[in-house]
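Participant: I have a structure I would like to understand better, so I am pasting it below and will then ask my questions one at a time.
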């Protein structure tokens, strides 16, 4: 007889929350516990970021900034595209 148990452990100062993954259209989705959503100040429609970190995923509320009037969005997006393409070069320069 196989039984599955769910362990919600407290690791140092981090609370661990458990949720089942469900299907949302062609994607997978997970709900936020109400307490966690309140702590992160997130609500329906907010954007979150997924950060992959050595086999773990960090979720955080995406920061929204207002662009100064003299900066065009397409120029900023092009800058970020170039930066991402050349990230290895920048990382190498940083380590020197």
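Participant: Before anything else, pin down the relative contact order of the chain: Cα pairs under 8 Å, at least 6 apart, normalised by residue count, whole percent.
Facilitator: 11
Participant: Now, a different point. Given the -39500 (n - 2.57) contribution per DSSP H run of 4+ residues, what per-residue ellipticity at 222 nm results for the chain, rounded to the nearest 500 deg cm²/dmol? Mind dumping the intermediate values first?
Facilitator: Working: 3 runs with 28 residues, N = 96.
That calculation yields -8500 deg cm²/dmol at 222 nm.
Participant: Then there is this: Give me the distance in nm between label points sitting 7 Å out from Cα along the Cα-to-Cβ direction at residue 70 and residue 91, one decimal.
Facilitator: The answer from the label model is 3.5 nm.
We did not get these values from a lab; they are worked out from the coordinates using the rules stated. Just so it is clear, the structure is predicted and the values come from calculations on it, not from any experiment. A quick note on method: Cβ atoms are made from the backbone with ideal geometry, for glycine too, and the neighbour counts reach across all protein chains shown.
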